[in-house]
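Shown next, in structure tokens, is the structure this report addresses.
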Amino acid sequence: MKRFLVIVPILLMCSFWACKKAKGPANGNSVQPNHNLDSNVSMNAIINGANWHTDSAFGYNVKYSGNDSAKSNLMITAINGNNSPVTTITFNITNFTGPATYKINPPYTSATYYFGSSRHFAKNGQIVIASDTGYALIGTFNFEADTIDVANGSFNVALP
């Protein structure tokens with residue numbers, strides 16, 4: 001019993017010592033936003049004669065699985081959550097090489113329009129990347145997907 005009374009306080013002291021706060025500068029730099037990035041992020045289009053607009057558009061580089069490959073795909077997604085149901089436009093360009101005209105040619109270059117949970121895959125059309133300099137990808141697009149006609153589309157997304 002005497003050992004127990006000696007061991008318990010020692011274990012408590014060790015546990016308090018192990019839980020102390022690590023020292024470090026209180027004024028260290030945290031993750032800071034980069035205010036030099038393009039703030040004009042948007043995507044606009046005319047879908048079946050109605051204006052469609054969003055200010056939440058994102059660009060992604062999708063790297064190939066091989067470590068030695070310098071190739072990557074470009075994926076652009078824009079979501080319009082202001083209406084019900086939510087609508088989304090997604091582009092995928094395989095082996096993105098920079099500014100060019102990319103004809104819709106699934107599965108290599110694809111465009112998809114989501115209306116709620118229903119998907120409409122583009123059969124024809126094009127995505128034109130006009131500029132990828134600075135901090136933005138700027139371009140235009142148009143495509144037809146089932147009964148959906150997307151015309152006069154334009155986008156400005158942050159360069160991934």
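Brief remarks on what is shown
- Screening segment 70-85 for residues that are out of contact with any Ser or Thr (no Cβ under 8 Å at 6 or more places or on another chain) and part of a strand (DSSP E or B) and picking the one that is farthest from ILE127 (Cα to Cα) gives SER72.
- In segment 115-137, the residues that are modelled with pLDDT under 90, surrounded by 17 or more Cβ atoms within 10 Å (Cβ to Cβ) and closer than 21 Å to HIS53 by Cβ: ALA136, LEU137
- PRO107 being touching a Ser or Thr at 6+ places or on another chain (Cβ under 8 Å), in contact (Cβ under 8 Å) with a residue 24 or more places away in the chain and loosely packed, with under 14 Cβ neighbours inside 10 Å: no
- Annotation for segment 143-155: no member residue is over 17 Å from ASN48 (Cα atoms) and either surrounded by fewer than 19 Cβ atoms within 10 Å (Cβ to Cβ) or among the hydroxyl-bearing types (Ser, Thr, Tyr) (or both).
- Unique residue being at pLDDT below 90 and either surrounded by 15 or more Cβ atoms within 10 Å (Cβ to Cβ) or over 18 Å from the mean Cα position of the chain (by Cα) (or both) when the list is THR97, THR101, THR112: THR97
- Applying a threshold of 8 Å to beta carbon distances and a minimum spacing of six or more residues, or different chains, the list of pairs starting in segment 132-160 at a residue that is hydroxyl-bearing (Ser, Thr, Tyr) and ending at one that is part of a loop (DSSP other than H, G, I, E, B) reads TYR135/ASN36; TYR135/LEU37; TYR135/ASP38; TYR135/LEU159; THR147/ASN48.
- Pairing residues of segment 78-94 that are closer than 13 Å to SER42 by Cα with residues that are in a strand (DSSP E or B) and aromatic (Phe, Trp, Tyr), at Cβ distances under 6 Å and at least 6 apart in sequence or on separate chains, gives THR88/TYR114; ILE89/TYR113.
- Residue in segment 61-70 that is in contact (Cβ under 8 Å) with a residue 60 or more places away in the chain, surrounded by 12 or more Cβ atoms within 10 Å (Cβ to Cβ), in contact with a strand residue (DSSP E or B) (Cβ under 7 Å, 6 or more places away or on another chain) and not polar (S, T, N, Q) present: no
- Selection count, segment 75-94, where residues are over 19 Å from the mean Cα position of the chain (by Cα) and either of a type outside the set (Gly, Ala, Ser) or at pLDDT 90 or above (or both): 2
The values are calculated or read from the model by the stated rules, or taken from the named source; none is laboratory data. This structure is a prediction, so every number in the text was calculated from the model and none was measured. Neighbour counts are summed over all protein chains in view; Cβ atoms, including those assigned to glycine, are modelled from backbone coordinates with ideal geometry.
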